[in-house]
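The values are calculated or read from the model by the stated rules, or taken from the named source; none is laboratory data. If you're wondering where the values come from, they're calculated on a predicted model, not measured in any experiment. Please note: Cβ atoms are built from the backbone with ideal geometry, for glycine as well, and neighbour counts cover all protein chains shown.
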Ligand code: ATP
């Protein structure tokens, strides 16, 4: 994110007037968009309006178009649905409706519109923009507006933000609301699994998605469902036979539960709809050769839309809202209408109509049974996830196995503190290994466990994986194979090298945080002394602190953010129920302020203190004065609590307790302050679907990377810098970075974090949207 400095001088030009609207089906996070647009627009010296009830409000005008104040959107981040309402508006499909809408815009002086909605809403918006000059001419021609009235509004500026639970718009990896809906689905599936397993039942779960199978597919990946039906990719053969084979195989393996997830728009290869009832009938068929399972159908319906947004959607909504205002202010009459997209981890502006067109093409492709095209029009992540899904459910099929000579023995090891998604990563990597004929071996309890060899375990705690057991790990928190912080040098490098040799490992797959990174660094440096270490080694970063060099995202960090967001929402609520209170919440994260900053962004914190900046008396003074000012101006309309997030290592002196005491002392009873420390709650119980799905996708990529070296690759490995590497998401790409380069150029070793913090600019967004005053910051 570029800097958010105010670039508009009110003295020089009239204030720009921007309207924001939510339209189409509601989705969690829409309120976050409105809050960000309202506050960012005010910050940039613009007037900002909310259009209530979608296009309906634009057509009706009057009090449906309301000027918004800074305080009008307080607390909106934690509210579900959309507080400015949404509707399907028939009138807007017709020109007369759009004509009235244009008149209402001009009457309010609005010449820029930020719309958060699905592809229908965005299509309507683009049509409106294209017609705008002719609509104004018509309004003048029929005498509804005077010529000089329309002069300042020659061009309508539109920016789209995709708000949809389906994640169905081409060109963006995520739409605002999709991860909240996915979380809801996975939560339900997790519940259902318990009862399914108890009774040895089968469940057919129908999820939303008429033309888009994203929710169904990712729910399948995240929960390890047995079978998934999506609109874009029907089974090539008879789906009945395909499903029966898979379910039968899983039952024969010993699985006690069967979960089938079906998108509402699922079809067979001939384009016929596949209904949950048909699937149930097949699963419960008691005739000879039938599966004969006790099968139930659960249709999730509108619970998928409900509830407050997950952390990811709040961050997405906020950053996209901020970017949309920037896009409005930078647009010229020649600028193509854009929408704000997310590619992997990068917010980008993209041409709106191209994306809408491609989205429509997917639906056409599905309708005309051109499924290859439908899949190709989805983004790469979708295709990757589809392949991941197929890999993890077709483990025992012989077809994909490599030739004997290419099969590898791969050691799996978890290092550091547990993080959400570690088990999902191990499960997916094991599945991939088995499907290719490799031999995956579990090394229990990190390097410490590896090195601890008793008489009865002369080769350390190493054993082959049992697929039936591992298959149940998709949604489990913690680390099933055990994790430990000990580094190889502490365990004894010679011993580790000998054990690797004795086991005949051809590669190591390591999942963990900064300790894991450090461990690989030690192994790499010891290669000259111990030839057995010349095997490919790959790290999949997993730590709630998100402080591993080489990636902008670590497994577990999303789970942690969700835990913190839930925690902060509850605390905020408790404050509003009692008195005016400031909570100072201490977050984990080591010397990396990522978790504090992103949770601050997700809950609308008043301030965030991070180790990258430290805490000075000047900062505390400014923030205390700001709080005093806020509470002085607040005449009781808002009793909601304020939150300050402070990373555990932000300062050696000012910890959460002391900061809360300082605030309390300075508040002179006008408000109060408490510290609150969520502690290990942040490591999460059930991992978030994002952590689980990314775990699956990245883990499979890691094994594919290791597989590229083949067996006995010692000489080749020695010369190849990528033979010890970290997989990471960097900007819009998934990349493997060589350890040596990261160690030498990318790591701030004393602070155990990457040299550059990709997220640092987000701290400024927290400040701007929290209304924090400007003051000099430490270098
Ligand atoms: P969802 O993803 O929930 O379906 P959506 O934005 O696609 O959201 P729609 O019902 O298709 O939902 O569109 C919302 C509104 O946008 C419509 O009620 C209508 O007012 C307007 N709209 C949609 N398509 C057009 C169009 N082609 N021309 C003009 N207005 C349109």
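Annotations
- Residue in the range 310-330 that is surrounded by fewer than 16 Cβ atoms within 10 Å (Cβ to Cβ), in contact (Cβ under 8 Å) with a residue 12 or more places away in the chain and in a helix (DSSP H, G or I) present: no
- Residue match in the range 238-260 (condition: buried (at least 21 other Cβ atoms within 10 Å of the Cβ), more than 24 Å from residue 468 (Cα to Cα) and touching a helix residue (DSSP H, G or I) at 6+ places or on another chain (Cβ under 8 Å)): no
- Any hit, the range 177-193, residues being closer than 23 Å to residue 317 by Cα, touching a strand residue (DSSP E or B) at 6+ places or on another chain (Cβ under 8 Å), part of a loop (DSSP other than H, G, I, E, B) and in contact (Cβ under 8 Å) with a residue 40 or more places away in the chain: yes
- The condition of being within 24 Å of residue 206 (Cβ to Cβ) and in contact with a strand residue (DSSP E or B) (Cβ under 6 Å, 6 or more places away or on another chain) holds for only one of 295, 337, 359, that being 295.
- Of the set (1) within 12 Å of the ligand (Cβ to nearest atom); (2) within 19 Å of residue 328 (Cβ to Cβ); (3) buried (at least 17 other Cβ atoms within 10 Å of the Cβ), all apply to residue 111 but (1).
- Residue that is farthest from the ligand (Cβ to nearest atom) [pool: residues in the range 114-123 that are touching a helix residue (DSSP H, G or I) at 6+ places or on another chain (Cβ under 8 Å) and assigned to a helix (DSSP H, G or I)]: 122
Yes/no per residue for (1) at pLDDT below 95; (2) out of contact with any strand residue (DSSP E or B) (no Cβ under 9 Å at 6 or more places or on another chain); (3) loosely packed, with under 14 Cβ neighbours inside 10 Å; (4) not in a helix (DSSP H, G or I):
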position	(1), (2), (3), (4)
700	no, yes, no, no
712	yes, yes, yes, yes
715	yes, yes, yes, no
740	no, no, no, no
743	no, yes, no, no
758	yes, no, no, yes
763	yes, no, no, no
768	yes, yes, no, no
776	yes, yes, yes, yes
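- Criterion (farther than 17 Å from residue 317 by Cα, assigned to a helix (DSSP H, G or I), near the ligand (Cβ under 9 Å from one of its atoms) and at pLDDT below 95) met by exactly one of 126, 72: 126
- So residue 406, is it surrounded by fewer than 17 Cβ atoms within 10 Å (Cβ to Cβ) and modelled with pLDDT of 90 or more: yes
- In the set (1) more than 15 Å from the ligand (Cβ to nearest atom); (2) free of Cβ contacts under 8 Å to residues at least 40 places away in the same chain; (3) surrounded by fewer than 21 Cβ atoms within 10 Å (Cβ to Cβ); (4) within 29 Å of residue 301 (Cβ to Cβ), the condition left unmet by residue 79 is number (2).
- The residue pairs whose first member lies in the range 117-137 and is touching a residue at least 24 places away in the same chain (Cβ under 8 Å) and within 22 Å of residue 175 (Cα to Cα), whose second member is near the ligand (Cβ under 6 Å from one of its atoms) and assigned to a helix (DSSP H, G or I), and whose beta carbons are closer than 7 Å, counting only pairs six or more residues apart or on different chains, are 124/55; 124/92.
- Applying the condition of being under 19 Å from residue 91 (Cβ atoms) and touching a helix residue (DSSP H, G or I) at 6+ places or on another chain (Cβ under 7 Å) to the range 129-141 and asking which residue is nearest to the ligand (Cβ to nearest atom) yields 131.
- Of the residues examined, residue 750 is not one that is assigned to a loop (DSSP other than H, G, I, E, B) and in contact with a helix residue (DSSP H, G or I) (Cβ under 6 Å, 6 or more places away or on another chain).
One line per residue, one yes/no per condition, for (1) within 9 Å of the ligand (Cβ to nearest atom); (2) in contact (Cβ under 8 Å) with a residue 60 or more places away in the chain; (3) assigned to a helix (DSSP H, G or I); (4) closer than 22 Å to residue 35 by Cα:
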site	(1), (2), (3), (4)
99	no, no, yes, no
160	no, yes, no, yes
167	no, no, no, yes
174	no, yes, no, yes
